[in-house]
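Taking it in order: structure first as structure tokens, then the write-up.
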Amino acid sequence: MPTDSLPEPLKTFHDTGFEEIEHTADCALHIFGKNFLKLLTNAALGMTSLMAFEPSAIADDITRHVELEAMDAESLLVEWLSELAYWAEMEMLVFHRFELCNVTPNHLQAVIHGGHVFNSIMEKDVFHHLEFIDKTVRIQKKRIRMEPYCCLNCGFEFKNRKRFKKPGKCPSCRDGRIAPAVFWIAP
């Protein structure tokens, strides 16, 4: 059975099989895969990367067996990601290692490994909350200040970025490895 775990921080999106892209929704991913099994695995890894601040810190103490059926490949992908989202939302379980087998366009079996993530908030929700916090502190004549995001490859700083959300890739070198910004409230 093929096994994949979350990417090392310095891999590019070509190595990881996904990249975050700009979208009007909270977040969106462009998923790559040389076959359907790899596409399903990369979609799960991408979703995990959006749900966890530090995916490599997720425990590996819980295993679940999953079997899904759908009428076509697109529906199966939706069912697969919905199953992972269900565990994250309802049980605070985030999985980071996926063993898929017996994959067809309308069926999959998987053994998924991960752990509980308590007392945390999904990264996409943090940026959503920052927008509301910014409105609140402006009433108090304060502002949210930010040390800008920075490209780990070329050093480009996103100094003029108005949005709080992490950029998908560097406009200078197109690399997706972006160092996080630091936020604070100032007068």
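Bear in mind that the values in this text are calculations on the coordinates, not laboratory data. Worth saying up front: this structure is predicted, and the values here are computed from it rather than measured. Cβ placement follows ideal geometry from the backbone for every residue including glycine, while neighbour counts extend to all protein chains displayed.
For the reader, a short list of remarks on this structure follows.
- Taking each of Lys135/Lys165; Lys135/Lys169; Lys135/Lys162; Lys141/Lys169 in turn, the alpha-carbon distance tops 22 angstrom for Lys135/Lys169; Lys141/Lys169.
- Oblate is the label for the stretch 26-80. Its Cα gyration tensor axes, ordered a ≥ b ≥ c, give a/c of at least 1.5 and b/c at or above a/b.
- Under 5 Å between amide hydrogens, built in the peptide plane, is the criterion, and for Leu152 it picks out Arg177, Ile178, Ala179 among residues at least 5 positions away or on other chains.
- Converting phi to 3J(HN,Hα) with the Karplus coefficients 6.51, -1.76 and 1.60 and the offset θ = phi - 60°, the stretch 105-117 yields x, 10, 8, 8, 10, 8, 10, 10, 10, x, x, 6, 10 Hz in sequence order, with x at every glycine or proline.
- FRET efficiency estimate (nearest 0.05) - Cβ-Cβ, Lys135 to Cys173, R0 35 angstrom: 0.55
- Taking a sphere under 9 Å around the Cβ of Ala181 and counting the other residues whose Cβ falls inside, with K and R at +1 and D and E at -1, yields a net charge of +1.
- Stretching Ser75 away from Val111 to a fully extended chain increases their span by 11.0 nm, per 0.36 nm per residue minus the current alpha-carbon distance.
- Using θ = phi - 60° in the Karplus curve 6.51 cos²θ - 1.76 cosθ + 1.60, the 3J(HN,Hα) couplings for the stretch 173-179 round to 10, 6, 6, x, 8, 10, 6 Hz; x is entered for Gly and Pro.
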